[in-house]
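The next block holds one structure in the form of structure tokens; read it before the comments.
The values are calculated or read from the model by the stated rules, or taken from the named source; none is laboratory data. Everything numeric here is computed off the predicted structure, so don't read it as measured data. Ideal geometry is used to build each Cβ from the backbone, glycine not excepted, and the neighbour counts take in all protein chains shown. For accessibility, only protein heavy atoms count, side chains too; no ligands or nucleic acids. Shrake-Rupley method; radii C 1.70, N 1.55, O 1.52, S 1.80 Å.
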Amino acid sequence: MTKMLQLEDENKVLEPSAGEGIFIESLLEERQNIEIEALDLNSDAVAVLKYKFGDNPKVVSVRKTDTLFDDRLDMYSMCGGYYDRIIGNPPYGAWQDYEKRKDLKKKYKGHYVKETYSMFLLRCLTLLKDKGILSFIIPDTYLFLNMYESLRKTLLKSAAIQEILIFPSHFFPG
């Protein structure tokens, strides 16, 4: 996935759901002269990220935040994007309480908000600079289910899809 990003020197890279930083490790091996911002909602994950990358000058920021509602990211979206590259394995299958769903419906009008990975995809598309590249591991349900029609339309109108790889579900145990 990191090779698919076609990293270049000085790229600003976002990992919007960084977990324990597996992609960050790979990014740092791939190219040294980049700036990485790592976000996660989980406090334990953020602590691990800070421990692993706190002294690395290429990891310019590790923040505990909700990527879907972060004010700084809202500003970047309004300005036409900020990141050259985005990589991630956003959460999917996570339960969203009714209040958060209501807020998501307001923020992402016309889109199916019960599944978080699709919200991450929408959010991150708005954070990319022109000619930016996004590489995500997400379920393929958005390709087929009616509830994702608006997501598909958004992708076709606002993105140039280079490649979609579909793996059998047994690649992902559990």
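Residue-by-condition table, conditions (1) in contact with a Phe, Trp or Tyr (Cβ under 6 Å, 6 or more places away or on another chain); (2) open to solvent by 50 Å² or more (accessible area, probe 1.4 Å); (3) among the basic types (Lys, Arg); (4) closer than 23 Å to residue 139 by Cβ:
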| position | (1), (2), (3), (4) |
| --- | --- |
| 74 | no, no, no, no |
| 77 | no, no, no, no |
| 81 | no, no, no, no |
| 85 | no, no, yes, yes |
| 120 | no, no, no, yes |
| 125 | no, no, no, yes |
- Query: What do you reckon, is residue 132 touching a Phe, Trp or Tyr at 6+ places or on another chain (Cβ under 9 Å), modelled with pLDDT of 95 or more and either part of a loop (DSSP other than H, G, I, E, B) or under 23 Å from residue 4 (Cα atoms) (or both)?
  - Reply: yes
- Query: Within the group 54, 21, which residue is open to solvent by less than 20 Å² (accessible area, probe 1.4 Å) and not aliphatic (A, V, I, L, M)?
  - Reply: 21
- Please indicate, with yes or no, whether at least one residue in the range 104-112 is closer than 19 Å to residue 34 by Cβ and either open to solvent by 50 Å² or more (accessible area, probe 1.4 Å) or modelled with pLDDT of 95 or more (or both). no
- Message: I need the full set of residues from the range 25-60 which are assigned to a helix (DSSP H, G or I), within 17 Å of the chain's Cα centre (by Cα) and within 15 Å of residue 2 (Cβ to Cβ), in order please.
- Response: 25, 26, 27
- Taking the range 135-169 on its own, how many of its residues are open to solvent by 30 Å² or more (accessible area, probe 1.4 Å) and not in a loop (DSSP other than H, G, I, E, B)? 15
